[in-house]
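The values are calculated or read from the model by the stated rules, or taken from the named source; none is laboratory data. Since the model is a prediction, treat every value here as computed from it, not as a measurement. Positions of Cβ are generated from backbone atoms using ideal geometry, with glycine treated the same way; all protein chains shown enter the neighbour counts. The protein model used for the area step is the full one, side chains on, heavy atoms only, and it has no ligands, DNA or RNA in it. Shrake-Rupley method; radii C 1.70, N 1.55, O 1.52, S 1.80 Å.
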Amino acid sequence: EYLDEALDLLEGSNSYSWESHYELCLKLYCTAAKVQCILGRRAICRKYLKTIYDNTRCKEHKFEAYYIDMMNLLAEGRLTESIKFGLQVLKSIGIRFPKKVTTLTVVSELSKFKIALWNRSYDDLIDLKETTDPTIIFAMKMMNDIGKTAFALGDSFTEIYAAVCIRVGSLTLQHGISGLHSPHSFIALGSVHATLHQYDTAMRAQNLALHLVDKYQAETIRPRIMAITLGMIHAWRNPLNQEFRHSFLHNYQLGVSSGDSDAACISWLGWLQCATLASEVPLEEINRRTSMVVGEMRELGGSHFLMFVLCNWQSALDLRHKEKSQQVAQDLCSYYED
């Protein structure tokens with residue numbers, strides 16, 4: 001209501017305008033667009049974004065609007081379009097990817113990263129300078145969210161996830177660290193090394209990511225970094241026992257408390273997969289806990305990863321008790337419709 005009133009005053013007064021109060025207009029319209037996106041008022045959000053695009057004086061001042069625009073597409077469930085939009089924005093600021101990102105693209109990105117790394121190891125990167133370049137920081141932010149969406153889509157989008165995460169790593173080596181964005185790249189690189197069975201290198205990349213989270217006090221991203229650490233690095237070597245399940249459970253709770261529903265869902269997905277394979281975990285416990293998680297995630301506003309939780313829950317029921325999987329199948333259909 002306060003934002004609406006402020007915008008009404010701006011639009012109805014000749015003394016307050018983009019010409020005479022440029023910074024105030026930019027901040028108010030960006031904030032209003034973000035709020036409308038969160039509230040699900042997509043058309044009003046687009047209207048405010050258009051006003052920003054029409055009145056900003058330079059590309060750098062459009063950065064926040066570009067990001068909100070991508071999040072607006074994502075909130076509408078248009079995941080593929082949000083990735084395409086994000087890649088177009090990156091191209092406009094000089095960060096280019098091929099029209100079709102393939103395994104060859106990932107190999108090329110990894111080769112460029114290794115060249116930029118040169119004779120250094122992940123251990124040597126802890127004291128890299130911090131970047132202050134707004135364009136580089138914005139590019140890293142966009143690529144991390146594109147990567148998250150591509151990871152959620154899976155299948156043919158896996159290459160996009162890997163390519164953008166590795167590119168963030170290359171930008172970090174060239175321009176310096178972003179405390180909020182570089183850790184995502186290094187933990188993703190760690191998962192790539194783990195997939196290639198290069199476990200020692202994977203652990204060094206993971207340790208670097210966690211060290212940067214500590215160094216820059218980036219607590220808001222810790223649950224997501226830990227979710228990938230547990231599910232995509234530690235899972236390759238650690239026994240899927242009670243202690244490991246507890247780690248997933250603890251990180252799920254961190255995700256919920258920080259409002260990061262994606263990290264919470266990824267963590268619960270790890271717990272669910274471990275619990276399904278553990279005969280000592282009763283089916284009743286799996287049902288009770290996962291039903292509670294689905295409810296909590298919907299209260300948090302949902303997550304594109306909740307679909308994977310529902311799918312894996314149904315798989316668990318199919319393995320343990322086929323008759324009870326029908327309700328989860330209905331929940332899955334309902335989630336697709338939402």
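For the chain, the longest principal axis of the C-alpha atoms and the axis of helix 199-215 are separated by about 50°. When the pairs Lys91/Lys141; Lys62/Lys215; Lys84/Lys114; Lys34/Lys129; Lys59/Lys215 are compared against a 25 Å limit on Cα-Cα distance, Lys62/Lys215; Lys84/Lys114; Lys34/Lys129; Lys59/Lys215 fall above it. Among 218-229, 25-36, sorting by the average number of other beta carbon atoms lying within 10 angstrom of each residue, highest first, gives 218-229, 25-36. Amide H to amide H, with H built 1.01 Å from N, Ile177 comes under 5 Å of Lys129, Glu130, Thr131, counting only residues 5 or more places away or on other chains. Taking all Cα-Cα distances within region 231-287, those exceeding 14 Å account for 53%. Among the chymotrypsin sites (Phe, Trp or Tyr not before Pro) within region 42-145, those in coil by DSSP and having at most 13 neighbouring Cβ atoms inside 10 Å are Trp118. Of Lys62, Lys100, Lys50, the residue with the largest accessible area leads and the full order is Lys100, Lys50, Lys62 (1.4 Å probe). In summary, the convex hull built on the alpha carbon positions of region 127-173 has an orientation-averaged projected area of 3.3 nm². Restricting region 1-102 to GluC sites (Glu not before Pro) that sit in a DSSP loop and have at most 10 other Cβ atoms within 10 Å of their own Cβ leaves Glu1, Glu19.
Cα-based values for region 172-291, radius of gyration first and Dmax second, are 15.0, 52 Å.
Report, to the nearest whole %, how much of the accessible area of the chain belongs to carbon and sulfur atoms, 1.4 Å probe, protein only.
For the chain, the apolar C and S fraction of the accessible surface comes to 53 percent.
In sequence order, region 65-72 has phi-based couplings of 5, 4, 5, 4, 4, 5, 5, 5 Hz under the Karplus curve 6.51 cos²θ - 1.76 cosθ + 1.60, θ = phi - 60°, and Gly or Pro positions carry x. The stretch between Asn207 and Thr220, if pulled fully straight at 0.36 nm per residue, gains 2.9 nm over its current Cα-Cα span.
Rounded to 0.05, the FRET efficiency of the Glu280 and Thr158 pair, given R0 = 30 Å and the Cβ-Cβ distance, is 0.35. With 0.36 nm allotted per residue and the present C-alpha distance subtracted, the Glu5-Ser108 stretch has 32.0 nm of extension available.
Step by step: find N for the chain, compute 2.2 N^0.38 Å, then divide the Cα radius of gyration by it. What's the final number? Here the Cα radius of gyration is 1.07 times the empirical estimate.
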